[in-house]
Amino acid sequence: MVELQKKYQIGSRRFGIINWVGTYSLFKKEVLRFITVSGQTLLGPILTSILFLTVISLALGDQKADVLGVPYIKFLASGLIMMQVIQQSFAHSSSSLMMGKMMGTITDIVHSPLSSSEIVFAITFASAARGLLIASASTLLFIFFIDLTIQNLFLWFIYLFLGGLIMGSLGIIIGLYADKFDQMSTVTNFIIVPLSFFKWYFL
């Protein structure tokens, strides 16, 4: 009995305060997950933004008025960029946890030598990275087509990054709460999408 107790002693943590290698590995895994299907996770939202911009511009025609001195088309483009960051950051973290629970692969994360804060850190930063990639590509396209200008690159990055982090964190909460995709879709359709349209989009 004494030998068994010595054999199965709980090991001490050997990674310091933060397991940087494990956190980076999980972050890299999450980034590769959405890059592997980039046609769905990156190109799709970018094309959606372009279609929104084109359809709304054509529908309003010459009736577009300036918004606080800013041409309406530029005001609209900025809102579309932020809208995609909000929706895609939330979608990444929530779907990552939901797919892990459905496929049983979440046990690999639970049993890994990572604390809960390290797991949240990795997934939320990967969500923000997805949002920033979409925002960067959309911004470049809008600069080319409508002469959109960035007045302050630092504020542009901060707003998009923080928005991605917040929505990525909310996605983790919903991913842990939901037991099936129907519940997650309900939150997405009745909370996230309306917020992205009626709050950040028109502010």
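For this structure, a couple of remarks:
- Förster-model FRET efficiency, 25 Å R0, I50 and I166, C-beta, rounded to 0.05: 0.50
- Restricting attention to the chain, the count of lysine pairs at 8 or more positions apart or across chains with alpha carbons under 20 Å apart stands at 5.
- Theoretical FRET efficiency, 1/(1+(r/R0)^6), r = Cβ-Cβ of S116 and N152, R0 41 Å, to 0.05: 0.70
- Against the main long axis of the alpha-carbon atoms of the chain, helix 153-177 sits at an angle near 50°.
- Cβ-to-Cβ counts within 10 Å put M102, M167 in ascending order as M102, M167, the fewest first.
- Sum of -39500 (n - 2.57) over DSSP H runs of 4+, divided by residues of the chain (222 nm, nearest 500): -23000 deg cm²/dmol
- The slack between F145 and I18, meaning 0.36 nm per residue of separation minus the straight C-alpha distance, is 41.3 nm.
- Alpha-carbon centroids, the stretch 114-138 and the stretch 142-158: separation in whole Å: 21 Å
- Relative to the longest principal axis of the Cα atoms of the chain, the long axis of helix 44-60 makes an angle of roughly 20 degrees.
- In this structure, the amide hydrogen of V67, modeled 1.01 Å from its nitrogen in the peptide plane, lies closer than 5 angstrom to those of Y72, counting only residues at least 5 positions away or on a different chain.
- Relative to the Cα centre, the charge distribution of the stretch 34-200, modelled as +1 at Lys and Arg Cβ and -1 at Asp and Glu Cβ, gives a dipole magnitude of about 60 debye.
- Pairwise FRET efficiency - L176 versus S25, Cβ, R0 = 30 Å, nearest 0.05: 0.90
Read the figures in this text as sums done on the coordinates, not as results from a lab. Bear in mind that the values here come from a model prediction, so they are computed numbers and not experimental data. Here Cβ is always computed from backbone atoms with ideal geometry, including for glycine, and neighbour counts include all displayed protein chains.
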